[in-house]
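Asks: I'd like to ask you about the structure that follows.
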Amino acid sequence: MKAIILAGEGKDKNSFDHNKATIPIKGIPMIQYVVNCIKSSEYIDSLLVVGNPQHLEPIIGGEVEIIIQQKASMMDNLLEALSYVKEEDKVLIATCDIPLIHKAVVNNFIETAMTKEADLCYPIVEKSFCEGCYPDARRTYVPLKEGVYTGGNMILLAPKTIDKIEVIARLLIRHRKNPIKMSQALGFRFILKLLLKKLSIPKLERHIQKKFKIKVKAIISQNPEIANDIDTIEDIKILEKYL
């Protein structure tokens, strides 16, 4: 299976002095943790990275298949990367800012996702797992009927389906830190059920399948590392003590 790491600069320049992917954490560039982890999985035979080649080549140039020139947005970066793997059945996609992940996290997600008949699998982690393992990490949570969850920074995607979901995906990526704005893309009734805590995971999956004609499965993960991403310098200070 091929894997893609999204390491574009985007709006990160507003929070960091330079490319977030190259920020040192305990002396190691952040993206190096993610590259090492994904490459360690026996399920991954090729790794592509989207970002700034000038900054990334000296760090990981000899460890990945290709570093693809970044585009204007995260979604554009994803589309560009998928053009290199469009013949693949499934592709693993991760962001560059989840340095706490390890081999078992990647393998557990892939193994569970591959048992599902789905075009897109997305990990979610229950709040108690996140706070139990990383009590000071800051996350955005969504109340569902089964519990309170946060989303992970990794998906398993069938590249052939991307044309069906490009518009909605752009909106979801833009508002990924704001569950209410994110849910607006899915309709008023969806928002109402979310606010009333009456939205179940199966109903959410069916709603997306009906609206966008793709099969989506939420993968309940017990690995909070998959959800602990870095958005600010403060996040680095919080998470680096766990490395």
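Asks: Taking the Cβ-Cβ separation of Ala72 and Lys160 as r and a Förster radius of 30 Å, what is the calculated FRET efficiency to the nearest 0.05?
Replies: My answer for the efficiency is 0.80.
Asks: Would you mind ranking Asp97, Asp76 so that the residue whose beta carbon has the fewest other beta carbons within 10 Å leads the list?
Replies: Sorted ascending by nearby Cβ count, the order is Asp76, Asp97.
Asks: When you count, for each residue, the other Cβ atoms within 10 Å and take the mean per peptide, how do 45-57, 62-74 rank with the highest first?
Replies: 45-57, 62-74
Asks: Between Asp89 and Val148, what is the label-point separation in nm under the 7 Å Cα-to-beta-carbon projection?
Replies: 4.0
Asks: Simple spin-label model, 7 Å along Cα-to-Cβ: Ser40 to Lys103 in nm?
Replies: Taking the two extended label points, one gets 0.7 nm.
No value in this document is a laboratory result; all are computed from the given coordinates. None of these values were measured; they are calculated from a predicted model. Positions of Cβ are generated from backbone atoms using ideal geometry, with glycine treated the same way; all protein chains shown enter the neighbour counts.
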